[in-house]
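The values are calculated or read from the model by the stated rules, or taken from the named source; none is laboratory data. From a predicted model like this one, the values you see are computed outputs, not experimental measurements. In this analysis, Cβ positions are derived from the backbone assuming ideal geometry, glycine residues included, and neighbour counts consider all displayed protein chains. Accessible surface is based on the protein model in full, side chains and every heavy atom, while ligands, DNA and RNA are left aside. Shrake-Rupley method; radii C 1.70, N 1.55, O 1.52, S 1.80 Å.
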Amino acid sequence: MDWSERIVPDETEKGIISVHLKRYDFARPRCGGRLVLDVGCGVGYGSRHLSERAKKVVALDADITAIHYAQRRYAQGNLDYLVADADRLPFLKNSFDVICAFEIIEHTGRPELFIKEMTRVLK
């Protein structure tokens with residue numbers, strides 16, 4: 001797999017992965033027993049990490065190849081991966097207790113719309 005901006009734990013130096021997992025380590029205690037949205041989940045390793053504490057994690061990314069990889073590599077009973085656009089989330093208002101969105105805003109076409117969508121789906 002060749003994703004220049006993606007972290008793929010099976011193909012990336014352990015030190016880099018450790019730095020990226022620190023973000024999820026920060027969020028994890030806040031996810032206990034909650035419904036979590038992980039926006040821009042990439043290949044899903046962080047979503048899997050959150051799922052160890054969360055009631056349920058819904059992880060999304062716009063890249064179908066990344067989502068297919070996540071579904072194969074990091075499947076978990078309380079974890080759903082889906083392809084979606086962060087600027088047009090396919091969820092009802094007030095759907096999630098916690099939202100994680102690490103290093104994604106700079107990849108959205110309209111950051112103000114992205115923030116509006118995060119606010120809309122957050123309880």
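Below are the figures for this structure:
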quantity: Identity of the residue in region 57-76, under 17 Å from ALA101 (Cβ atoms) and charged (D, E, K, R), that ends up surrounded by the most Cβ atoms within 10 Å (Cβ to Cβ); calculated: ASP61
quantity: Boolean, ARG88 is surrounded by fewer than 14 Cβ atoms within 10 Å (Cβ to Cβ) and either in contact with a Phe, Trp or Tyr (Cβ under 6 Å, 6 or more places away or on another chain) or not in a loop (DSSP other than H, G, I, E, B) (or both); calculated: no
quantity: Some residue of region 102-109 being polar (S, T, N, Q) and open to solvent by less than 60 Å² (accessible area, probe 1.4 Å); calculated: yes
